[in-house]
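*Asks:* Sharing a structure, written as structure tokens. Questions coming.
Every number in this text was worked out from the coordinates using simple rules, so none of it is lab data. Treat the numbers as computed from the prediction; the structure is a model and nothing was measured. Cβ placement follows ideal geometry from the backbone for every residue including glycine, while neighbour counts extend to all protein chains displayed.
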Amino acid sequence: MEIIMASKNDIRRQVSIFKHETETVMIDFAGDIIGYKVMALDEYKNADIVFIYADYNKEVKTDGIIEDALKAGKKVALPRVYSHEVGTDENASKYMKFHYISSLRDDLEKGYNGICEPKQDLPTADGDTDTALMIMPMVAFDGERNRVGYGGGFYDKYLNSHNFVCRIGLAYDEQKVEAIDDKEEHDVKPDVIVTQKNIYR
């Protein structure tokens, strides 16, 4: 896939086509490589707390990283989407909170848009971000580490109100674009982006 320059919505459409047309076995193979590369980073090795997502719909898979972090004794937190009582805009009325888990099998349930989320009664982690590593999904990115998300603004809102030791984005090389023509000031760049072939800093 090659995208020279496009708007975020055009990029999202083209990446969706790429995922649909790419066999699961190839996605899984690339995801395994990315996971191993993440676990070899000093930023990961030195982290005592890891904020990370549960992969969905051919995102870079994270189960191997999560299992490794739990086995290594790291504290692991995953996001859960909540809704405000008021608000007319569907995305503006929603926000993320992170909860600690101790088991992928026992501590997750289907939540927002069918994505696996931590159960609501698990301990919250939002006060611990200053000493934590964030690992986040991406729809696409460019050579300057600008990130395209899914359009809900969940990670931008969260990252603009919480500090992390390091923010790592995971993507396939095929999700790299030459330029994003509608970047916004509140968009948050990852400090590091890991793909199957490259590490961008």
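*Asks:* Would you list, by chain and number, the aspartates and glutamates whose Cα falls below 15 Å from the Cα of LYS94, excluding same-chain residues fewer than 8 positions away?
*Replies:* GLU85, GLU117, ASP156
*Asks:* Within the chain, what percent of beta bridges assigned by DSSP are antiparallel, to the nearest 5?
*Replies:* 45 percent
*Asks:* Further question: From the P(r) of the range 3-200, can you give the percent of Cα pairs sitting at distances over 29 Å?
*Replies:* In whole percent, the long-distance tail amounts to 18.
*Asks:* Can you pull out the GluC sites (Glu not before Pro) in the range 79-160 whose DSSP state is coil and whose Cβ has at most 12 other Cβ atoms within 10 Å?
*Replies:* GLU85, GLU90, GLU144
*Asks:* Tell me the mean residue ellipticity at 222 nm calculated for the chain from its helices only (DSSP H runs of n ≥ 4, each -39500 (n - 2.57), averaged over every residue, nearest 500).
*Replies:* The per-residue figure over the chain is -7500 deg cm²/dmol.
*Asks:* While we're on this one: Hey, which of these cross-link pairs are over 23 Å Cα-Cα: LYS71/LYS189; LYS8/LYS189; LYS19/LYS61; LYS75/LYS97; LYS110/LYS176?
*Replies:* Where the Cα-Cα span goes over 23 Å, the pairs concerned are LYS71/LYS189; LYS110/LYS176.
*Asks:* OK, next. Normalising by the residue count of the range 3-200, find the relative contact order in percent from Cα pairs under 8 Å and 6+ residues apart.
*Replies:* Relative contact order, the range 3-200: 24 percent.
*Asks:* Checking the a/c ratio against 1.5 first, then a/b against b/c, what shape does the Cα gyration tensor give for the range 1-87?
*Replies:* Taking the square roots of the gyration eigenvalues as a ≥ b ≥ c, the range 1-87 is oblate.
*Asks:* Where does each of GLU117, GLU174 land when they are ranked from fewest to most other beta-carbon atoms within 10 angstrom?
*Replies:* GLU174, GLU117
*Asks:* Would you work out if the range 104-201 is rounded, prolate or oblate? Take a ≥ b ≥ c from the square roots of the eigenvalues of the alpha-carbon gyration tensor; rounded if a/c is under 1.5, else prolate when a/b is larger than b/c, oblate otherwise.
*Replies:* Prolate shape, in that a/c is at least 1.5 and a/b is the bigger ratio.
*Asks:* Additional query: Where does each of MET39, MET134, MET96 land when they are ranked from fewest to most other beta-carbon atoms within 10 angstrom?
*Replies:* Ranking MET39, MET134, MET96 by Cβ neighbours within 10 Å, fewest first, gives MET39, MET96, MET134.
*Asks:* A further question follows. Out of the GluC sites (Glu not before Pro) in the range 22-71, which ones are loop residues according to DSSP with at most 13 other C-beta atoms within 10 Å?
*Replies:* Passing sites in the range 22-71 are GLU23.
*Asks:* Order of ILE17, ILE168 from fewest to most other C-beta atoms within 10 Å?
*Replies:* With the fewest neighbours first, ILE17, ILE168 line up as ILE17, ILE168.
*Asks:* Select from LYS71, LYS157, LYS176 the residue whose mean-square fluctuation is largest in a Gaussian network model of the chain (Cα-Cα springs shorter than 10 Å).
*Replies:* LYS71
*Asks:* Can you tally the net charge around ALA77? Count Lys and Arg as +1, Asp and Glu as -1, for every other residue whose Cβ sits under 12 Å from the Cβ of ALA77.
*Replies:* -1
*Asks:* Measure out, as a whole number of angstrom, how far apart the alpha-carbon centroids of the range 138-201 and the range 119-135 sit.
*Replies:* Measuring centre to centre over Cα atoms gives 20 Å.
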